[in-house]
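Okay, so here's the structure we're looking at.
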Protein chains: 4
Amino acid sequence: MNKNKNSKRRQELVAIAARLFCDQGYETTTVRTLAAEMGIQSGSLFHHFKDKQEILFAVIESGMLHAMEIARQALYEAKTPEARLYALAQAHLSTLLQDRDAHVVAIYEWRSLSDLSRAHLVELRDAYESIWREVIYECQQAGLVPDDQGLRRRLALGALNWTVQWYRPDGPLRPEDLAQTLVDMLLGRTAVAAVLPSA
Amino acid sequence: MNKNKNSKRRQELVAIAARLFCDQGYETTTVRTLAAEMGIQSGSLFHHFKDKQEILFAVIESGMLHAMEIARQALYEAKTPEARLYALAQAHLSTLLQDRDAHVVAIYEWRSLSDLSRAHLVELRDAYESIWREVIYECQQAGLVPDDQGLRRRLALGALNWTVQWYRPDGPLRPEDLAQTLVDMLLGRTAVAAVLPSA
Amino acid sequence: MNKNKNSKRRQELVAIAARLFCDQGYETTTVRTLAAEMGIQSGSLFHHFKDKQEILFAVIESGMLHAMEIARQALYEAKTPEARLYALAQAHLSTLLQDRDAHVVAIYEWRSLSDLSRAHLVELRDAYESIWREVIYECQQAGLVPDDQGLRRRLALGALNWTVQWYRPDGPLRPEDLAQTLVDMLLGRTAVAAVLPSA
Amino acid sequence: MNKNKNSKRRQELVAIAARLFCDQGYETTTVRTLAAEMGIQSGSLFHHFKDKQEILFAVIESGMLHAMEIARQALYEAKTPEARLYALAQAHLSTLLQDRDAHVVAIYEWRSLSDLSRAHLVELRDAYESIWREVIYECQQAGLVPDDQGLRRRLALGALNWTVQWYRPDGPLRPEDLAQTLVDMLLGRTAVAAVLPSA
DNA sequence: AATGAATGAGGTTTCATTCAT
DNA sequence: CATGAATGAAACCTCATTCAT
């Protein structure tokens, strides 16, 4: 089995698997279909991945790692608490769009992970959420949002995650609008001059 | 096959199926497991349902019908726009908790429905969402929220739906708190006296 | 799965499996081949047996149970120590011939049994060998064979078991001759009037 | 492919294969396992052997050639018929112990040989058995055993072969005891002063 | 309504073998 | 001699579904 986990080839295969798992679901996607879409024989799949299950893990992990990376980059440039919250929301939407397949799979197929895989990914997820926790805490300290027991944060993240269910990048809404409206809701603004002024 | 779709027996079977589909997923739950939990043999299942797929349909339909019913009852008693919005949010949470299995299945297994089943359920869902659309429109008319192109509504509903991922009824948060915070966010309030005032 | 372990049907299937395992080996015999020879589909096999492995167990167990039964019957009628030894040898040869398939499989495929199955069959085998131990002990007590540390018994049993490698029932040798020669060797006789005087 | 069939390297590989085939069985031992134990990659195996099957042949052939060699050496020094019989039995046990892996494989995996391989090995086996035939004939001529149609020879050889099933070199029995008891049984003696005189 | 044996297509995975490097 | 990715056939087993009883 090919142990080079970051090889270009492997990343391609993971991306293809992400698309198929997203479109058809993990259980419904057969390894034969996976292989066919990858342009190899079904037996060859198992040189790259131990298991069908390991493919699922690789897909979800790749999405999470990318989310983390984008979030860190976004925060690197933003200075004020509000700007950081906005940047984080936009980064979240950004990876939700760029790596949509992987994130949809993460949501839908979480259950199909092995216990071990899940434990590893829970760590990644916790690390990501702690970034959000921190940024919102900064907003609180700045008096932008008077209190938070994590409830608003959770609702806001949920609202964002749920966008994969209905948001289409080719529709009239821009990601920036989503991010702005969400920040407004989080900070308790009525969003007077909100989205789509020209519509 | 039992054509009496609302029989007590059938409702029991649907509830059992909902639980299993929720816990294990539709694809992973075998007809034999379903039958075993129902106390019958696998062959007998097909006297009640044409298909495995029809069981899935019945599960999701039951959740949606119940959601609609609860929403209508809640609105029946609420008069002001804000009260109606609050009532609707609470009704949504209420069915999300009462019929959690069915709603989780609806979210996760939507893809596994046949085209015909899905089309029928889309109608139900549209009917339900039009209730939300209407109530928020009333709020706009009352000047509570200056504009809305559906974005806030969608974000709010998404936030609510996502609660099935993390909300636990036996935790410290009461459903009323969730509903209140959500209404605050929707209406652009800073939620000064927010959650858990008595705790 | 059909739990009626002694059903006529099951015994037929076991006999067929014994033949195939004997001819081709356990690993080499596919479940499809098994099913084809049984006149059913490969999937149907698993109504009768949980596993391919369980079929192997059933084959070997059947041979052992039959061996025990025949030995007990033979001893039931034999009175003197020597007669009992002779009866036992002949019973051994008898089951070796009647249930040749099963016994060959027992010898060759012992390794392919699961640990659990093997443990159960070891008990059966021990019970059978204790019969031999007892009968030879009677011979010693009668002064027919002066000593035995189990060595002669083991060599004799080994000689008998090995007959499945070369003995053919349609050849010139009669089972009685085998049994007689073996008893002679065990008791230290020169077998003056030995086999096939007319050949 | 390495044509030097007697190279030191090749003999090492054959010995490793013998051990694995003996422990796990031919069918169950994968080419990858073989290669891993040999410290090479699976693809490299096929530089040394054409086939997996050829490895099996090499294993069994090596055992047989060694058996023949030891037997010839033993007979070279023994003069009287009885001494020669004893020497042969001991040589047989000797190779059974020294080359146990190969001989166990010969017994168990005979079936897995290709027809061609088997034919070649049958010749070797016949050559070996003719040695036994000859030595026993000498005993008959010397009046040590009055007659033999091959039956006693076969039983005795079977008893010896079967020892691989139960004999452990680290147990209390010495190979000489086995050989002596066997000769006694063959020659029809009661083995008064038999095994373990010193124990 | 219920049973449960039987189906048969299709699932994941293994494995001996090849071949370009 | 050695590698290791790729092959592709075939292995065991599962499972929704049917049907005679």
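The values are calculated or read from the model by the stated rules, or taken from the named source; none is laboratory data. As the structure is a computational prediction, the values presented were derived from the model and not from experiment. Note that we place each Cβ from the backbone using ideal geometry, even for glycine, and neighbour counts take in every protein chain shown.
Okay, here's what the table says:
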| quantity | calculated |
| --- | --- |
| Of all residues in region B:37-48 being surrounded by 14 or more Cβ atoms within 10 Å (Cβ to Cβ) and within 8 Å of DNA strand F (Cβ to nearest atom), the one that is farthest from B:Gly25 (Cα to Cα) | B:Phe46 |
| Members of region D:94-103 found to be of a type in the set (A, V, I, L, M) and surrounded by fewer than 20 Cβ atoms within 10 Å (Cβ to Cβ), listed by number | D:Leu97 |
| Candidates A:Ser117, A:Ser112 - the one that is surrounded by fewer than 20 Cβ atoms within 10 Å (Cβ to Cβ) and of a type in the set (S, T, N, Q) | A:Ser117 |
| Meets criteria (touching an Asp or Glu at 6+ places or on another chain (Cβ under 6 Å) and within 16 Å of DNA strand F (Cβ to nearest atom)) for B:Glu54 | no |
| Residue match in region C:3-14 (condition: more than 16 Å from DNA strand F (Cβ to nearest atom), surrounded by 20 or more Cβ atoms within 10 Å (Cβ to Cβ) and within 26 Å of D:Arg111 (Cα to Cα)) | no |
| Any hit, region D:149-165, residues being farther than 30 Å from C:Asp126 by Cα, of a type outside the set (Val, Ile, Thr) and within 11 Å of chain C (Cβ to nearest Cβ) | yes |
| Hits in region D:131-171 (condition: farther than 18 Å from C:Gln165 by Cβ and among the small types (Gly, Ala, Ser)) | D:Ala142, D:Gly143, D:Gly171 |
| Tabulated pairs, region D:25-47, first without any contact (Cβ under 8 Å) to a residue 12 or more places away in the chain, second part of a loop (DSSP other than H, G, I, E, B), C-beta under 6 angstrom, 6+ apart or interchain | D:Ala35/D:Gln41 |
| Among (1) within 16 Å of DNA strand F (Cβ to nearest atom); (2) over 19 Å from the mean Cα position of the chain (by Cα) - the single one A:Glu82 does not satisfy | (1) |
| Filter result for D:Ala119 (at pLDDT 90 or above and within 21 Å of D:Leu178 (Cα to Cα)) | no |
| Residue among B:Ser62, B:Ser112 that is within 16 Å of DNA strand F (Cβ to nearest atom) and either touching a helix residue (DSSP H, G or I) at 6+ places or on another chain (Cβ under 8 Å) or in contact (Cβ under 8 Å) with a residue 24 or more places away in the chain (or both) | B:Ser112 |
| C:Leu196 being at pLDDT below 90, at positive phi and within 13 Å of another protein chain (Cβ to nearest Cβ) | yes |
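Every residue, every condition in (1) basic (Lys, Arg); (2) surrounded by fewer than 17 Cβ atoms within 10 Å (Cβ to Cβ); (3) under 21 Å from C:Leu75 (Cβ atoms), yes or no:
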residue	(1), (2), (3)
C:Val135	no, no, yes
C:Cys139	no, no, yes
C:Asn161	no, no, yes
C:Tyr167	no, no, no
C:Gly171	no, yes, no
C:Glu176	no, yes, yes
C:Ala179	no, no, yes
C:Val183	no, no, yes
C:Leu187	no, no, yes
